[in-house]
1. With Ala245, Ala266 as the choices, which residue is surrounded by 21 or more Cβ atoms within 10 Å (Cβ to Cβ), under 20 Å from the mean Cα position of the chain (by Cα), outside the structural domain of Gly373 (by TED's automatic domain parsing) and in a helix (DSSP H, G or I)?
2. Which ones in region 334-350 are over 16 Å from Ala390 (Cα atoms) and hydrophobic (A, V, I, L, M, F, W, C)?
3. Among what's in region 274-299 and is crowded, with 16+ Cβ neighbours inside 10 Å and either at pLDDT below 95 or charged (D, E, K, R) (or both), pick the residue that is farthest from Ile374 (Cα to Cα).
4. When region 26-44 is examined, which residues are found to be among the basic types (Lys, Arg) and either surrounded by 15 or more Cβ atoms within 10 Å (Cβ to Cβ) or in a helix (DSSP H, G or I) (or both)?
5. Considering each of Ala247, Ala286, Ala265 in turn, give the residue that is closer than 30 Å to Ala29 by Cα and in contact with a Gly (Cβ under 8 Å, 6 or more places away or on another chain).
6. Would you call Gln49 closer than 27 Å to Val148 by Cβ and either out of contact with any Cys (no Cβ under 7 Å at 6 or more places or on another chain) or loosely packed, with under 15 Cβ neighbours inside 10 Å (or both)?
7. Can you tell me which residue is farthest from Ile169 (Cα to Cα) among those in region 96-113 that are crowded, with 21+ Cβ neighbours inside 10 Å and touching a helix residue (DSSP H, G or I) at 6+ places or on another chain (Cβ under 7 Å)?
8. Any chance region 345-357 includes a residue that's surrounded by fewer than 15 Cβ atoms within 10 Å (Cβ to Cβ) and under 30 Å from His105 (Cβ atoms)?
Amino acid sequence: MSKPITDLIHHPYVPPAGFAAPQPGVYKASTVIFRDVAAMRARDWKSKQGYTYGLHGTPTTFMLEERIAMLEGGSQCVLVPSGLAAIANVGMSLLRSGDEVLIPHNAYGPNRVLAEGEFRQWGITHQLYDPMRPEDLASRIGSKTKLVWLEAPGSVTMEFPDLPQLARICRERGVPSGLDSTWSGGVAFNGFDAGADMVVHALTKYPSGGGDVLMGAIVTRDEALHLQLKLTHMRMGFGIGGNDAEAVLRSLPSLAVRYRAHDAAARQLAGWLKARPEVSQLLHPAFEGSPGHEHWRALCGGKPGLSGASAEGLAAGLFSVVFHERYSVAQIDRFCDALRLFKLGYSWGGPVSLVVPYDMKLLRQPSVWPHQGILVRFSVGLEDADDLRADLEQALHAMA
């Protein structure tokens, strides 16, 4: 007769099937149990018809993959531990020693740092191109170019490029393009409709929505490309936890509602700051005068059923301002330190509003960054917009 501790581990009870609830169940496993040796040998880790090992998927992660693929307009999805891991997964899949990758000069900073670090050590070169000048991209694509990154809008400085034109240039030259579409949240526009071959998304941001999950996704429509990415994913041992997958699954149903709320509040605050005498330039794609506004309008367009500012198109809760050059670094720091509701912190897309001052000399080449004043980026959370405006106003007074 077995001991109680053995019975605890090998208890025969199995809950009955048929349980249904609004949220999917959470499956967490490294080991997956097979019925017999034949089933073990027949199982293909690349297929979603069964399970082989925790890294290769569980019912929870499969469900999240399918929903993210649908959200982004693709047919397959690979989940990784962060947005940067998604960028790395793509690069390691497509690039070999002697190849070249092209990156927009306003891309997410760690993308460029990865190219300057590990990829350079592996014999992979890179060039930065101006995404606001499609002819610059066209002139840089050569025989060694095996991947082009696109991003809309640009990180921190918020320029919105002509994505369809950039993607068309890549397609005409037979070079795959990867789009970092984190800003769009899968809501503002569809990356595949814009012409991208792969859509990368930091689920850390709007899909999670809580500021408490790190996760990334790579979505494709081409089965062969998906398999290539998945093989690298397997060899690198990338995986996500069941509880993190559950957190994103729980947040997805409210994604569109939250995105519109972020957007509406951000426009209200951006418009107010634009009129302030302390500000020399507003960088927000939905506002005329912001670089690439016409491209944002053409791609994001108006969405049926929306009202107010969002009726002309969606634009997330992120924007930057450039302060007049008469304000010193110390004054801008004082402004940021004086904020009470806006917290100092990286990332965005969560319920708490965030602020970060940037030294543009470290981020942009002088030839493509004409402003002399200091840039401050705002991520608008889900607080009351009037309270956030009052917070900005008292911090501006403290700065002065």
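The values are calculated or read from the model by the stated rules, or taken from the named source; none is laboratory data. Nothing here was measured: the structure is a model prediction, and the numbers come from that model. FYI the Cβ positions are ideal-geometry reconstructions off the backbone, even for glycines, and counts take in every protein chain you see.
1. Unique residue meeting the criteria: Ala245.
2. Leu344, Trp348
3. Arg297
4. Arg41, Arg43
5. Ala247
6. So Gln49 fails the test.
7. Asn111
8. yes
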